[in-house]
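Have a look at the structure below before the remarks.
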Amino acid sequence: MYEGSIPWAYYAPSMRSVVLSSGDEPPRVTDVRLDPPKAGEVRVRVRAAGVCHSDLHVRKLEWDVPLPLVMGHEGSGVVTEVGAGVTSLSEGDHVILSWEPACGRCRACLAGRPSQCEVCAGVVWPKGVLYDGTTRFRIGDRPAHHYIGVSSFSEETVVPETGAIRVGTNVPLDAAALMGCCVPTGVGAVLWTARMPPGSTAVVIGCGAVGLCAVQGAVLGTASRIVAVDLLSHKLDAAKTFGATDVVDASAVDAVAAVREITGGGADFVFDCIGLVSTAEQSIAMLSLGGTAVIVGLAPTGAMARFEPRALAEAEQRIVGSNYGSVRPALDFPFLVDLYRSGRLKVDELITTRRPLEEVEQAFDDMIAGRVVRTVLDPSL
Ligand SMILES: [Zn+2]
Ligand SMILES: [Zn+2]
């Protein structure tokens with residue numbers, strides 16, 4: 001490609017990326033230049049990228065994100081170059097991208113809670129940069145931002161070494177992509193955030209990809225009843241195939257009353273995988289004495305929910321937030337892969353359709369209409 005006025009020293013090969021430039025226009029596939037990985041970083045050729053509901057929040061600018069932005073945070077690929085000092089990865093490795101490229105040194109990381117890493121929460125996520133405060137993406141001579149350290153809607157990306165977890169070459173890369181967000185978010189909410197005891201009653205509100213993974217988490221955690229709640233009957237049918245023992249069609253009945261009846265007075269655990277104010281409030285209203293509401297889905301910035309403090313205190317109920325299923329990627333991704341490889345975790349079944357990067361808007365339309373569980377973008381199409 002002709003380089004125009006860009007000095008040769010700034011030359012970097014260009015590639016196609018889905019770039020969001022403003023809230024007024026749709027994201028566009030754009031020629032973006034990718035600088036080589038710096039120390040502690042790796043370059044990855046993206047092979048599959050899942051379109052997650054969080055990407056829709058970003059697309060609608062319901063969250064604060066730096067623009068322009070190379071979108072996408074669920075993905076997998078092949079390492080094509082490693083920066084100085086990288087020891088855990090080599091060229092040719094297949095990897096799951098993680099949006100929790102934990103620093104390993106802050107208080108949260110040292111305490112074994114990388115989903116609360118202070119460098120991710122303070123620098124990588126809000127500023128759209130890598131650890132050194134800069135970006136590897138450029139449009140012309142202007143920097144473009146990373147999305148939570150991943151930017152998977154792109155032919156290639158550069159991520160911190162801790163943001164790429166090696167996976168065997170015997171794992172399909174589209175399934176591997178989903179193990180970078182919806183699988184740990186849903187399964188982990190049950191197993192790691194809630195640490196649900198066997199025999200508990202569990203309710204999952206919302207049967208998209210994260211919700212179906214929470215249903216599977218409840219199966220793995222040996223819940224006595226697993227009640228799936230959704231507005232769409234085909235999603236409830238899917239929930240049954242993923243292990244739900246009961247379903248509640250919230251378009252037809254009062255979901256809170258139905259759950260209280262099925263569970264004999266309220267559920268031990270309710271997982272809100274939608275992230276609306278109304279579903280957060282319903283989650284609390286569905287609880288048994290001593291029950292725990294786990295907020296998994298993410299509401300728009302500033303949205304506020306209500307609960308009755310006295311009732312919560314008297315019933316000794318808890319409201320818990322779950323970020324990324326409290327996953328520790330380096331430890332837990334291989335475990336999730338083992339579950340998948342041994343047939344105990346359905347991942348392929350979550351993928352409804354595959355599209356090229358250029359069709360990202362159609363993927364969002366399908367998501368809004370409830371036509372898909374997961375669309376996977378394939379940059380090679
Ligand atoms: Zn996601
Ligand atoms: Zn950290």
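The conditions of being closer than 22 Å to PRO114 by Cβ, outside the structural domain of LEU220 (by TED's automatic domain parsing), at pLDDT 95 or above and buried (at least 20 other Cβ atoms within 10 Å of the Cβ) are not met by VAL360. Any chance region 77-89 includes a residue that's closer than 28 Å to GLY297 by Cα, buried (at least 18 other Cβ atoms within 10 Å of the Cβ) and either touching a residue at least 12 places away in the same chain (Cβ under 8 Å) or within 14 Å of ligand 2 (Cβ to nearest atom) (or both)? Yes, the conditions are met somewhere in region 77-89.
So VAL65 passes all but one of these: (1) assigned to a loop (DSSP other than H, G, I, E, B); (2) away from ligand 1 (no atom under 16 Å from the Cβ); (3) touching a residue at least 40 places away in the same chain (Cβ under 8 Å); (4) surrounded by fewer than 23 Cβ atoms within 10 Å (Cβ to Cβ). Which condition number does it fail? Evaluating VAL65 over (1) assigned to a loop (DSSP other than H, G, I, E, B); (2) away from ligand 1 (no atom under 16 Å from the Cβ); (3) touching a residue at least 40 places away in the same chain (Cβ under 8 Å); (4) surrounded by fewer than 23 Cβ atoms within 10 Å (Cβ to Cβ) leaves (2) as the failure.
Of everything listed in (1) within 15 Å of ligand 1 (Cβ to nearest atom); (2) modelled with pLDDT of 95 or more, the single unmet condition for SER115 is (2). Against the list (1) part of a strand (DSSP E or B); (2) away from ligand 1 (no atom under 16 Å from the Cβ), the condition SER76 fails is (2). The residue of region 186-215 that is nearest to ligand 2 (Cβ to nearest atom), among those that are among the polar types (S, T, N, Q) and buried (at least 24 other Cβ atoms within 10 Å of the Cβ), is THR193. Just one of the numbered conditions (1) of a type outside the set (Asp, Glu); (2) more than 16 Å from ligand 2 (Cβ to nearest atom); (3) over 23 Å from ARG374 (Cα atoms) is not true of VAL119: (2).
Residue by residue, here is whether (1) at pLDDT below 95; (2) aliphatic (A, V, I, L, M); (3) within 21 Å of GLY291 (Cα to Cα); (4) out of contact with any helix residue (DSSP H, G or I) (no Cβ under 9 Å at 6 or more places or on another chain) holds:
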site	(1), (2), (3), (4)
ALA313	no, yes, yes, yes
GLN317	no, no, yes, no
PHE335	no, no, no, yes
ARG354	no, no, no, no
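The values are calculated or read from the model by the stated rules, or taken from the named source; none is laboratory data. Source: prediction; values computed, not measured. Glycine also receives a Cβ, built like all others from the backbone with ideal geometry; neighbour counts cover every protein chain displayed.
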